[in-house]
Amino acid sequence: MPEPVHNRPVRIGLIGSGFVANFYMLGLADVNNQQVVSNYSQTVRRAKAFAKQWAIPEPTDKLEALIARDDIDLFIIALPNEAHLPVATLLARQQRHQVCTKPLARNAAEAKQMFRAAAAAASKSGAIHGYAETEVFSPAVVKARQTIESGAIGRVVWVRSRESHSGPHSPHFWDIDKTGGGALNDLACHCIEAARYFYGKQDKVVEVMSWGDTLVHTAKTKGEDNALLVLRFSSGGIAHCELSWTTKGGLDLRNEVHGSEGSIFTDVTRSTPIASFTSKTAGYVIEKADIDFGWTRPLPEEAFAYGYQAEMKHFVDCVRTGATPRETYEDGYIVNLILDAGYKSMRSKRWVRVSY
């Protein structure tokens, strides 16, 4: 059962030692009063390599032993999609504070199990469950929401959200049986939650229309590598999401929010405050960059711009204060419901109601 955290650092167990775990460590680097005390990987070699990189004292390949430790306050799930459900339910049975990366699960049925288990643990012990959706913690997106709340653009009527790059970084992402889907599943989770955030979560997504196809990566995946998703809200407003695994030039994150009295635009990757031209390699440029020479747009403080720092600070603060996170497994479950409806629409080529 979680105990109050007062005058000591929040101790964290990082379950995963891969790509997103690195971003979580970058985000946590600027969060006070916390310490990652252990990290898990399926292999000791990988766990130790990650621990050495980030000065984590106790790497391990023993997941159940890690979860059973009574000196860890918060567990962060940074694992592939197919591992989210078994790990989250194990944490819930132990009534531990937990945070899970996006998407919450491969489908709504799995997400529902995770949400119910975590909610039951919360009711018994106060254990928090946090959905680590970076987009709604990005400083630019948070500022956009504050502008909406001020009334400056009137009533939100249309949102456009784009998330694209040239394809996943790890082989397992291309396997839709392991992940739950292609570009729609991988990328639309960000855009859906951004749209819900801009409209306000009381304004529900009531139906969706989706298209998807495999236009380029036919030899790599059975999933769609490009997709479009349209969301209709209960207020009558519309959002459309553009998703791609075939666009070059690095990660492309853009939002437009159009209201009855004005508009807001966010772009954290294609309008960076620095540009360079190099004839030789410039080193790391930005997530999913296809080249590191010629004209490039490096992104300073990448983890901060994407929202990793803000979400990690928020979840650490929730463990310390006992507050409910503003993104929970319920939000992740709703996103999975909308994704499922999107895939149904993709197959039927019709509007599909979202059944809550």
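The values are calculated or read from the model by the stated rules, or taken from the named source; none is laboratory data. Just so we're clear, the structure is a prediction, and the values are computed from it rather than from any experiment. Note that we place each Cβ from the backbone using ideal geometry, even for glycine, and neighbour counts take in every protein chain shown.
Details
- Residue, surrounded by the fewest Cβ atoms within 10 Å (Cβ to Cβ), within region 41-55, restricted to residues that are among the small types (G, A, S) and in a loop (DSSP other than H, G, I, E, B): A55
- If you go through region 297-317 and pick out every residue that is over 17 Å from the mean Cα position of the chain (by Cα), surrounded by fewer than 21 Cβ atoms within 10 Å (Cβ to Cβ) and not acidic (D, E), you end up with 3.
- Where a residue in region 238-254 is over 18 Å from G167 (Cβ atoms) and its partner, wherever it lies, is of a type in the set (D, E) and part of a strand (DSSP E or B), with Cβ under 7 Å and at least six apart: R254/D267
- In region 204-234, residue surrounded by the fewest Cβ atoms within 10 Å (Cβ to Cβ) [restricted to those that are without any contact (Cβ under 8 Å) to a residue 60 or more places away in the chain and touching a helix residue (DSSP H, G or I) at 6+ places or on another chain (Cβ under 8 Å)]: K222
- Test: residue in region 273-283 that is farther than 30 Å from R11 by Cβ and touching a helix residue (DSSP H, G or I) at 6+ places or on another chain (Cβ under 9 Å): no
- One residue stands out among those in region 89-111 that are crowded, with 19+ Cβ neighbours inside 10 Å and either on the phi > 0 side of the Ramachandran plot or in a helix (DSSP H, G or I) (or both): the one that is nearest to the chain's Cα centre (by Cα), which is A111.
- Taking first residues from region 80-105 that are free of Cβ contacts under 8 Å to residues at least 40 places away in the same chain and partners that are aromatic (F, W, Y), the Cβ contacts under 7 Å between residues at least 6 apart in sequence or on separate chains come to L91/F75; Q98/F75.
- Of residues in region 170-203 being outside any loop (DSSP other than H, G, I, E, B) and charged (D, E, K, R), the one surrounded by the fewest Cβ atoms within 10 Å (Cβ to Cβ): D177
- Some residue of region 22-40 being more than 21 Å from Y308 (Cα to Cα) and either assigned to a loop (DSSP other than H, G, I, E, B) or touching a Cys at 6+ places or on another chain (Cβ under 7 Å) (or both): no
- Look at (1) in contact with a strand residue (DSSP E or B) (Cβ under 9 Å, 6 or more places away or on another chain); (2) among the small types (G, A, S); (3) in a helix (DSSP H, G or I) and you find that S166 fails only one, number (3).
- Only one entry in G13, G27 is under 22 Å from L91 (Cα atoms) and small (G, A, S), namely G13.
- Among the residues of region 3-31, those identified as farther than 19 Å from F173 by Cα, surrounded by fewer than 18 Cβ atoms within 10 Å (Cβ to Cβ) and modelled with pLDDT under 95 are E3, P4, H6, N7, R8, D30.
- In region 129-184, the residues that are basic (K, R) and touching an Asp or Glu at 6+ places or on another chain (Cβ under 9 Å): R155, R160, R162, K178
- Qualifying residue in region 127-141 (condition: among the acidic types (D, E), surrounded by fewer than 20 Cβ atoms within 10 Å (Cβ to Cβ) and part of a loop (DSSP other than H, G, I, E, B)): no
- I72 vs. criteria modelled with pLDDT of 95 or more, surrounded by 16 or more Cβ atoms within 10 Å (Cβ to Cβ), outside any loop (DSSP other than H, G, I, E, B) and in the same structural domain as A122 (by TED's automatic domain parsing): no
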